[in-house]
Amino acid sequence: MSAITPPAHGIGLPVEREPSPPRGDNYLTHSRGILSWLFSLDHKRIGIMYLVGVLTAFLIGGIFALLLRTELLTPGPTFNSNKAEAWTFYNHCFTLHGAVMVFLFVIPAIPAVLGNFVLPIMLGAKDVAFPRLNLGSFWCWIGGAIFFTYVLLGGILNASFGWHLPGGYGLDTGWTFYTPYSTGQGPHAHSTDGTIAALLGVFILGFSSILTGVNFIASIHMLRPKGMGWFRMPLMLWALYATSVIQILATPVLAITGLLLLAERVIGVGIFDPAIGGDPVLYQHFFWFYSHPAVYIMILPAMGVISEVISTHSRKHVFGYNFIAYSSIAIALLSFLVWGHHMFVSGQSPLANAIFSLLTFSVAVPSAIKVFNWVSTMYRGDIRFTTAMVCAMCFIVMFTFGGLTGLFLGALSNNIHVTGTYFIVAHFHYVMVGSVLFAFLAGLYHWWPKMFGRMTDLAWGNAGALTLLVGFNLTFMPQFIMGAKGMPRRYATYPVEFQGYHVVSTIGAYVMAIGLFTIAFNLLHALLKGEKAPANPWGANTLEWHCPSPPPHDNFPVEPVAGDPYDLKSWQWDEATKQWVLDEQRARTVAGTEPTVHHH
Amino acid sequence: MSDLVSKQQAAVTLAGDPFSPTRDPHHGHPPHLAHHFETPEQQYSSAKVGMWVFLATELLMFGGLFCAYSVYRHNHPEVFEFAHHYLDRSLGAINTIVLITSSLTMAWGVRCAQLGQRRGLVLCLVLTLIGGAGFMTIKTIEYHHKYVEHVWFGAGNRYSKHYQGPSINEGPFGGHQSESALRMTEGERQEAAADKEMMAPTTQPTESFGPAFVDPNAGTPDESKIKPTQVIPAGLSTRVRPEVGEEVRYEDLPQFEKDRVSTFFNIYFLMTGLHGIHVLVGMGLITWILVRGARGAFGPLYYTPVDLVGLYWHLVDLIWIFLFPLLYLIH
């Protein structure tokens, strides 16, 4: 138990030997009733509430993904013989799918769920720096999410069944709110009333994101325990720190963009709408100044999860720690300089295009550094094919596909041809789904025993993950091909020669659904019938594995002293007791924290 | 940080200090220390880091507006030169002084809190509050003028194509004339008119450039809703260049610039409006710490809220210091 050396005053004893709360008392059982959850300041409970919310949003977004893929089975209308109604339905479906998945699932999934749960424990702290702000951030999220989903769903119910929900106007602008679609000009004027409500929802969600970022930055700066300098932090914390920097610097720009668009709609101020003196390209600049960094809000924490999972389940110290840590920061900084690559055909100057193209290529450097380091970590490691590890390996392959096709798109000459086609759709799904979703699942499987004190079933978990992998590639690989052949995105109809690809893609979507449901049942089964999890089922050395599973309300009775987070060799499997046991003397030597150091 | 620690240590030794720390005997830690912090210094520094990070988000949010301002000013400089005459420089300058003074009293208030001077703190916060209220009052007067003169935002702006108010000739300032033009004496007016006649060939060079806009989709459902009056050749400056000392007049502006005049007012109202909302929020926060301060909540050991509200107030002040020259002092 060297990672937690008793502090100088001698009160603290290693948590595993002598947990201070009464036996069986943990954050789940600490208090009862729905209100004790809704008003809880405990970061772990807030994380779990985010988990429920985020998974609900994922379910809704996923259902609409299946609906829109089904509509695309045939070139003509599939659900509804009336073309106009079918197209309206489709426009609402893909807007809802995109907006809900982006704003309510991919952005908050890893930082808000896994970040909230593990960040303070990894820091050996009792909570985040501002627990009340954290709860406020959750309320903003849940309020914004309900509001946003209501507006979008209302539009679909209205378009398909004629049910008029009060205020539920729907949105068919795509998740990007491009002007002039969103400013009520042109053919979309009739249905854009949902824009105002949806923008308010996004504004509230943005607040949630900003406040979480503020909280994480302050926590990482101020709450690190003894023995944890910046370069002793788990790489998950580096990733969350870089993510938070983007959240606090980019999200306010989305907020002001939303406010300007609202001002445009409500009081007729002309900033973006060309009909009243505005500039629609300025809108695109503003929007992508947020939304490109937002892509890294999604992928950076995913990379943090992967660093933890790969090292732990390969039983090997992470390779190139400093490079992985610095590359997170490098990605965060570069993310602010590449937004123009979304606008290569929007009328930017050729010089700006060339500069943005060059900067886009440069993001590949830190991203590749990470991939090489993960692979090097696995090299000659003692790899355990746990579900978390299987998901992480899927991540590496899918991220490589997504990242490399990003370079195709960053190349100007190629981009001009495939922009606005399914090639783009496939590329960003490889990054946002193939990568972020697999990393989220890897993190869930990795920390599920810590969150709920139950082990997941290995065979079913792996089967689910591999089904998902097959389904995912079936869905999106054909989209690369049809995109390269010129199939434009966002259309409900297409020439007959593309039907083969669309059919394969739709079948893939259903295979993905089977994989995801297998995973969902696997996780739920673990909750109800899973084997009880020990404090450290993986033999990992970051601090969260030094407190019981599930953790007690206060995490640690006494602030622990951190050692080397990737010192996995000090944990040895004891066949007699069937658990991981720490060689304290070895861990202390590796960490350089001899007990004598602390007698001052 | 070390400053703070030494102040706290000094305070602990002060006898008879009304804010002397009362340690809770049951828990053995200072009363304001939350359970997840180890020391009050850690808690104070965390709050400070959090506030600075939050202020960075505020800067980025206003940054969007400053960016919009820069884009429009760069593309339409003469519109800004013309339209800014509607803003009252003296009121703006007075407001700047009012806000800077309130920042001084705020900073003084933070010091009073640190030293445990309750009366000083209350006085400073009341003065700051008066400063904020004064600022908002003057701002309201300015907004009222704009409203009366029909240079309001959106369709309430006489220069907007979608203007819906009474005919502009019935307004207090007549037609499309700048305020300063109206203050001219009859002699000056004649002189200016003569000047304008002389300048006519050089100040209206761009109207004739470029072919007329032809919508290829005219008559179809795809017909453009935007009807530019002309297409500007790329690379040619459209800038109206008055002689040194002469002001840009509405009549001198090409038509497409005339259509952009209302944009200046829209940007003005958005920037000052968002700033005004921040002033109101700041006044709310100051009221909150004023009530707590009057009850003696703050002293050398605990003044974090005063400090943080102070930081916020200074930021709001700082933003105005940028807004004032950018909007009122254009030349």
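In the range A:54-67, which residues are of a type in the set (Val, Ile, Thr) and in contact (Cβ under 8 Å) with a residue 24 or more places away in the chain? Can you show your working first?
From the range A:54-67, those of a type in the set (Val, Ile, Thr) are A:54, A:56, A:60, A:63; that's our starting set.
Hits for the range A:54-67 are A:54, A:60.
How about the range B:32-57: which of its residues are of a type in the set (D, E, K, R) and more than 7 Å from chain A (Cβ to nearest Cβ)?
Within the range B:32-57, the subset of a type in the set (D, E, K, R) is B:38, B:41, B:48.
Scanning the range B:32-57 gives B:41, B:48.
Which of the following residues is open to solvent by less than 10 Å² (accessible area, probe 1.4 Å), more than 29 Å from residue B:266 (Cα to Cα) and among the β-branched types (Val, Ile, Thr): B:105, B:128? Spell out the reasoning first.
Numbers: B:105 fails: open to solvent by less than 10 Å² (accessible area, probe 1.4 Å).
Going through B:105, B:128 in turn, the sole match is B:128.
Looking only at helices (runs of 4 or more DSSP H) that lie completely in the range B:248-331, which have at least 1 residues being open to solvent by 10 Å² or more (accessible area, probe 1.4 Å) and of a type in the set (Gly, Ala, Ser)?
B:261-294
Which of the residues belonging to the range A:457-511 are among the aromatic types (Phe, Trp, Tyr) and in a helix (DSSP H, G or I)?
A:460, A:472, A:476, A:480, A:498, A:501, A:510
Residues that are in contact (Cβ under 8 Å) with a residue 40 or more places away in the chain, within 14 Å of chain B (Cβ to nearest Cβ) and within 19 Å of the chain's Cα centre (by Cα): does the range A:46-53 have at least one? I'd like the intermediate steps shown before the answer.
As a first pass, look at the range A:46-53 and keep what is in contact (Cβ under 8 Å) with a residue 40 or more places away in the chain: A:46-51, A:53.
Keeping just the survivors that are within 14 Å of chain B (Cβ to nearest Cβ) gives A:46.
In the following step, the residues that additionally are within 19 Å of the chain's Cα centre (by Cα) were identified as A:46.
Checked against the condition, which is being in contact (Cβ under 8 Å) with a residue 40 or more places away in the chain, within 14 Å of chain B (Cβ to nearest Cβ) and within 19 Å of the chain's Cα centre (by Cα), the range A:46-53 yields at least one hit.
Suppose the filter is of a type in the set (Lys, Arg) and within 12 Å of another protein chain (Cβ to nearest Cβ); does residue A:232 pass it?
No.
Could you check the range A:372-398 and list, in sequence order, the residues that are open to solvent by less than 20 Å² (accessible area, probe 1.4 Å) and without any contact (Cβ under 8 Å) to a residue 40 or more places away in the chain?
Those that are open to solvent by less than 20 Å² (accessible area, probe 1.4 Å) and without any contact (Cβ under 8 Å) to a residue 40 or more places away in the chain: none in the range A:372-398.
Taking residue B:2, is it modelled with pLDDT under 95, among the polar types (S, T, N, Q) and surrounded by fewer than 15 Cβ atoms within 10 Å (Cβ to Cβ)?
So residue B:2 fits the description; yes.
Report, by residue number, each residue of the range A:257-276 that is facing chain B (nearest Cβ under 8 Å), part of a loop (DSSP other than H, G, I, E, B) and surrounded by 24 or more Cβ atoms within 10 Å (Cβ to Cβ). So that I can check it myself, show each step before the final result.
Here is the first cut: in the range A:257-276, the ones facing chain B (nearest Cβ under 8 Å) are A:257, A:259-260, A:263, A:267-271, A:274-276.
Restricting the remaining residues to those that are part of a loop (DSSP other than H, G, I, E, B) gives A:268-271.
Correct list: A:269, A:270, A:271.
Listed here are the residues, each with its yes/no results for (1) in contact with a Pro (Cβ under 6 Å, 6 or more places away or on another chain); (2) assigned to a helix (DSSP H, G or I); (3) open to solvent by 10 Å² or more (accessible area, probe 1.4 Å).
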| residue | (1), (2), (3) |
| --- | --- |
| A:164 | no, no, yes |
| A:175 | no, no, yes |
| A:197 | no, yes, yes |
| A:211 | no, yes, yes |
| A:214 | no, yes, no |
| A:255 | no, yes, yes |
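What is the residue count in the range A:552-569 for residues that are within 14 Å of chain B (Cβ to nearest Cβ) and within 27 Å of the chain's Cα centre (by Cα)?
Restricting attention to the range A:552-569, the residues satisfying the condition of being within 14 Å of chain B (Cβ to nearest Cβ) are A:552-561.
With within 27 Å of the chain's Cα centre (by Cα) added as a condition, the list becomes A:552-555.
Number satisfying all stated conditions: 4.
What's the total number of residues in the range A:126-148 that are more than 14 Å from chain B (Cβ to nearest Cβ) and either of a type in the set (A, V, I, L, M) or open to solvent by less than 20 Å² (accessible area, probe 1.4 Å) (or both)?
Counting residues in the range A:126-148 that are more than 14 Å from chain B (Cβ to nearest Cβ) and either of a type in the set (A, V, I, L, M) or open to solvent by less than 20 Å² (accessible area, probe 1.4 Å) (or both) gives 7.
Which is outside any helix (DSSP H, G or I), in the same structural domain as residue A:180 (by TED's automatic domain parsing) and at negative phi, of A:309, A:305, A:318? Can you show your working first?
Details: A:309 fails: outside any helix (DSSP H, G or I); A:305 fails: outside any helix (DSSP H, G or I).
Exactly one of A:309, A:305, A:318 is outside any helix (DSSP H, G or I), in the same structural domain as residue A:180 (by TED's automatic domain parsing) and at negative phi, namely A:318.
Take residue B:76 and decide whether it is within 14 Å of chain A (Cβ to nearest Cβ) and open to solvent by 20 Å² or more (accessible area, probe 1.4 Å).
Numbers: within 14 Å of chain A (Cβ to nearest Cβ): yes; open to solvent by 20 Å² or more (accessible area, probe 1.4 Å): yes.
Spelling it out, residue B:76 is indeed within 14 Å of chain A (Cβ to nearest Cβ) and open to solvent by 20 Å² or more (accessible area, probe 1.4 Å).
Out of curiosity, is residue A:331 aliphatic (A, V, I, L, M), open to solvent by less than 20 Å² (accessible area, probe 1.4 Å) and closer than 26 Å to residue A:291 by Cβ? Give the steps one after another, and end with the answer.
Details: aliphatic (A, V, I, L, M): yes; open to solvent by less than 20 Å² (accessible area, probe 1.4 Å): yes; closer than 26 Å to residue A:291 by Cβ: yes.
Here the answer is yes, as residue A:331 does meet what is asked.
Please enumerate the residues belonging to the range B:276-286 that are without any contact (Cβ under 8 Å) to a residue 60 or more places away in the chain and either of a type in the set (D, E, K, R) or touching a Leu at 6+ places or on another chain (Cβ under 9 Å) (or both).
Step one: filter the range B:276-286 for residues without any contact (Cβ under 8 Å) to a residue 60 or more places away in the chain, giving B:277, B:281, B:284-285.
The answer is B:285, and nothing else.
Filter the range A:559-591 down to residues that are aliphatic (A, V, I, L, M) and closer than 15 Å to residue A:228 by Cβ and give me whichever is surrounded by the most Cβ atoms within 10 Å (Cβ to Cβ). Lay out the reasoning, then the answer.
Within the range A:559-591, the first condition is being aliphatic (A, V, I, L, M), and the residues that meet it are A:561-562, A:568, A:576, A:581-582, A:587, A:590-591.
Then drop every residue that is not closer than 15 Å to residue A:228 by Cβ, which leaves A:561-562, A:587, A:590-591.
On the way: A:561: 24, A:562: 27, A:587: 22, A:590: 19, A:591: 21.
Only one residue tops the list, namely A:562.
Pairs please, first residue from the range B:51-80 and over 26 Å from residue B:305 (Cα atoms), second anywhere and outside any helix (DSSP H, G or I) and open to solvent by 50 Å² or more (accessible area, probe 1.4 Å), Cβ atoms under 7 Å, 6+ apart in sequence or on different chains.
B:76/B:260; B:77/B:239; B:78/B:239; B:79/B:260
Surrounded by 20 or more Cβ atoms within 10 Å (Cβ to Cβ), small (Gly, Ala, Ser), touching a residue at least 60 places away in the same chain (Cβ under 8 Å) and within 13 Å of chain B (Cβ to nearest Cβ): does that describe residue A:182? Don't jump to the end; show me each part of the working.
Numbers: surrounded by 20 or more Cβ atoms within 10 Å (Cβ to Cβ): yes; small (Gly, Ala, Ser): yes; touching a residue at least 60 places away in the same chain (Cβ under 8 Å): yes; within 13 Å of chain B (Cβ to nearest Cβ): no.
So residue A:182 does not fit the description; no.
Residues in the range A:528-551: is at least one within 14 Å of another protein chain (Cβ to nearest Cβ) and surrounded by 18 or more Cβ atoms within 10 Å (Cβ to Cβ)?
Taking the range A:528-551 as the starting set, the residues that turn out to be within 14 Å of another protein chain (Cβ to nearest Cβ) are A:551.
Next, only the ones that are surrounded by 18 or more Cβ atoms within 10 Å (Cβ to Cβ) stay: A:551.
Within the range A:528-551 (the criterion being within 14 Å of another protein chain (Cβ to nearest Cβ) and surrounded by 18 or more Cβ atoms within 10 Å (Cβ to Cβ)), the answer is yes, since at least one residue qualifies.
If residue A:408 meets every condition in (1) in the same structural domain as residue A:229 (by TED's automatic domain parsing); (2) over 30 Å from residue A:457 (Cα atoms) apart from one, which number is that one?
(1)
Is there any pair linking a residue in the range B:138-157 that is within 20 Å of residue A:268 (Cβ to Cβ) and without any contact (Cβ under 8 Å) to a residue 60 or more places away in the chain to one that is among the polar types (S, T, N, Q) and crowded, with 16+ Cβ neighbours inside 10 Å, with Cβ under 8 Å and at least six apart or on different chains, and which?
Cβ pairs passing all conditions: B:150/B:157.
Is it true that residue A:413 is at pLDDT 95 or above and either in the same structural domain as residue A:508 (by TED's automatic domain parsing) or outside any strand (DSSP E or B) (or both)?
Working: at pLDDT 95 or above: no; either in the same structural domain as residue A:508 (by TED's automatic domain parsing) or outside any strand (DSSP E or B) (or both): yes.
Considered against the rule, which asks whether it is at pLDDT 95 or above and either in the same structural domain as residue A:508 (by TED's automatic domain parsing) or outside any strand (DSSP E or B) (or both), residue A:413 comes out as no.
The values are calculated or read from the model by the stated rules, or taken from the named source; none is laboratory data. None of the values given here were measured: they were computed from a predicted structure. Positions of Cβ are generated from backbone atoms using ideal geometry, with glycine treated the same way; all protein chains shown enter the neighbour counts. We work out accessible area using only protein heavy atoms, side chains counted, and drop any ligands, DNA or RNA first. Shrake-Rupley method; radii C 1.70, N 1.55, O 1.52, S 1.80 Å.
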